[in-house]
Amino acid sequence: LISKKYNPDIIHETYYNKDNLIHFKNKIKVLTIYDLIHEKFKSKYFNQIIPSKSDIIDNVDYFICISKKTQKDFIKYYKVSPKKTSVIYLGCDHLKNNFKKFEKIRPIPEKYILFVGSRDRYKDFNILVKSIKSSNKLKNYKVVCFGGGKFSLNEKKEYKLDKKYIHLDGDDLLLRNLYIYAEVFINTSSYEGFGIPNLEAMSLGCPVITSNIEVFKEIGGNSCLYFKCKNHIDLKNKLHKLLFNQTLKKKLIYNGYKNSKKFTWKNCGKKTFKIYLSLFSKLQKF
């Protein structure tokens, strides 16, 4: 309804939506591609209704991908011309900027390792659990899981979660404070389109240990400690290396903070607007 009222020259969708393709056939259509999760893990989403993406993609003029890895996967799966795509990184400065005037409050008194978001499917939360259980050195650390829903009965039974594991839900202010006071942020995911939590942690001075998947290396560079994907022993070793080496920890915090400054929402907006202008100027020539 809003689109009809303002009659825009460019329609930019952030998900696969047929409605605007029908109502605005003669307008420039842009689509943001976040990841190719459903394509890569079809077997894990067999019981969910997934939109018919191919029909929608055929009617889009230009695609903005949130990482080079996402761009590569998108071109691979849908055979789209690279000339119709660009990479624009997302920002990570929202938590830092939105709560500058708010007091920093420690969420829990004990030392803790932080995990954020969904824990199922390709997120590989079990890798973190295994690494903790295989180490006597980590027995005094709590594991805080923010978001992703409460621990299910199946999780509690399968992973034998004890009082060491704490689940918290809350707003962005709580999440900010969790990053600030965490000993380390862990991301065990085996596939992502970008990895905002990694950068959120860096922007708030929290060191990051993450799986060594392609996109995390693209976004993180030398600001993370990487472990072999799906390898809980390597994750355990990396946890030992970071938690008991203050020099390394300070180095990662410094590198992470410096790296996070490259990813701002202002830059994201500017680059997106440049693409709008370019597409609009091409339209005017016809």
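Cα-Cα over 27 Å: which of LYS72/LYS282; LYS100/LYS230; LYS18/LYS150; LYS261/LYS282? Show your work: numbers first, answer last.
Values: LYS72/LYS282 25 Å; LYS100/LYS230 37 Å; LYS18/LYS150 34 Å; LYS261/LYS282 33 Å.
Violating the 27 Å Cα-Cα cut-off are LYS100/LYS230; LYS18/LYS150; LYS261/LYS282.
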For this session: Report the one residue of VAL87, ILE180, PHE151 whose Cα lies farthest in the direction of the positive end of the charge dipole of the chain (charges on C-beta: Lys and Arg +1, Asp and Glu -1; origin at the Cα centre).
Result: ILE180
Exercise. With every protein chain kept in the model, how would you rank THR14, THR85 by accessible area, 1.4 Å probe, largest at the top?
Worked result: THR14, THR85
Seminar exercise, completed: Taking a label point 7 Å from the Cα of ASN267 along Cα-to-Cβ, the residues of the stretch 192-210 whose backbone nitrogen sits under 19 Å from it are 193-206, 208
Exercise. What list of ³J(HN,Hα) couplings, whole Hz, do you get for the stretch 39-44 from phi and the Karplus terms 6.51, -1.76, 1.60, once you set θ to phi - 60° and write x for glycine and proline?
Worked result: 6, 6, 10, 3, 5, 8
Exercise. If you roll a 1.4 Å probe over the chain with all protein chains in place, what percent of the accessible area is carbon or sulfur?
Worked result: 53 percent
Exercise. What is the set of long-range amide H partners of PHE227 at a cut-off below 5 Å, with H atoms built 1.01 Å from backbone N?
Worked result: THR210, SER211, ASN212
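Please give the per residue accessible area of the chain, computed with a probe of 1.4 Å over protein heavy atoms only, in Å². Could you put the intermediate results ahead of the total?
On the way: 15680 Å² over 286 residues.
Result: 55 Å² of accessible area for each residue.
Which value does Rg/Rh take for the chain over its C-alpha atoms, Rh per Kirkwood? All intermediate terms of the calculation are to be shown ahead of the outcome.
Working: Rg = 20.9 Å, Rh = 20.7 Å.
My calculation puts Rg/Rh at 1.01.
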Seminar exercise, completed: In terms of the alpha carbon gyration tensor, root eigenvalues a ≥ b ≥ c, rounded if a/c is under 1.5 and otherwise prolate when a/b exceeds b/c or oblate, the stretch 227-282 is oblate
Problem set entry | Interatomic Cα distance distribution for the stretch 25-161, bins of 5 angstrom, percent | 2, 7, 12, 14, 14, 12, 13, 12, 8, 5, 2, 0, 0
For this session: Please list, in chain and number order, the residues 5+ apart from ILE11 or on another chain whose amide H is under 5 Å from its amide H, with Hs placed from the backbone.
Result: ILE28, LYS29, VAL30
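Only sites in a loop by DSSP and with at most 15 other Cβ atoms within 10 Å count here; which chymotrypsin sites (Phe, Trp or Tyr not before Pro) in the stretch 197-261 make the cut? Write down the numbers at each step before the final one.
Numbers: sites: PHE216, TYR226, PHE227, PHE244, TYR254, TYR257; in loops: PHE244.
For chymotrypsin sites (Phe, Trp or Tyr not before Pro) across the stretch 197-261 that sit outside H, G, I, E and B with at most 15 neighbouring Cβ atoms in 10 Å, the list reads PHE244.
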For this session: Provide the solvent-accessible area of SER134, counting protein heavy atoms only and rolling a 1.4 Å probe, rounded to the nearest 10 Å².
Result: 50 Å²
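At a 1.4 Å probe radius, which order do ARG121, ARG176 fall into by accessible area, largest first? Could the numbers behind the result be given before it?
Working: ARG121 85, ARG176 10 Å².
Of ARG121, ARG176, the descending order of accessible area is ARG121, ARG176.
How large is the charge dipole for the chain, taken about the Cα centre, if only the Cβ atoms of Lys, Arg (+1) and Asp, Glu (-1) carry charge, to the nearest 20 debye? Each step should come with its number before you reach the end.
Working: 56 positive and 26 negative charges, 146 e Å.
Using only the charged Cβ atoms, the result is roughly 700 debye.
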Seminar exercise, completed: Taking Cα atoms, the helix 172-181 axis meets the longest principal axis of the chain at an angle in degrees (rounded to 10) of 40 degrees
For this session: Tell me which residues come under 5 Å, amide H to amide H, from HIS167 once H is placed; ignore anything under 5 positions away on its chain.
Result: CYS145
Exercise. How large is the dipole of the stretch 11-91 about the Cα centre if only Lys and Arg carry +1 and Asp and Glu carry -1, each at its Cβ, rounded to the nearest 20 debye?
Worked result: 280 debye
Exercise. How far apart, in nm, are the 7 Å Cα→Cβ label points at VAL87 and HIS38?
Worked result: 2.5 nm
Seminar exercise, completed: Any aspartates and glutamates whose Cα falls less than 20 Å from that of LYS101, other than same-chain ones fewer than 8 residues away, would be ASP93, ASP171, ASP172, GLU200
For this session: Report, in degrees rounded to the nearest 10, the 0 to 90 angle that the Cα long axis of helix 68-78 makes with the longest principal axis of the chain.
Result: 50 degrees
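The values are calculated or read from the model by the stated rules, or taken from the named source; none is laboratory data. Remember, predicted model here, so these are calculated numbers, not experimental data. Heads up, the Cβs are rebuilt from the backbone with ideal geometry, glycines too, and the neighbour counts pull from every protein chain shown. For the accessible areas, the whole protein counts, side chains as well, though only heavy atoms, and no ligand, DNA or RNA atoms are used. Shrake-Rupley method; radii C 1.70, N 1.55, O 1.52, S 1.80 Å.
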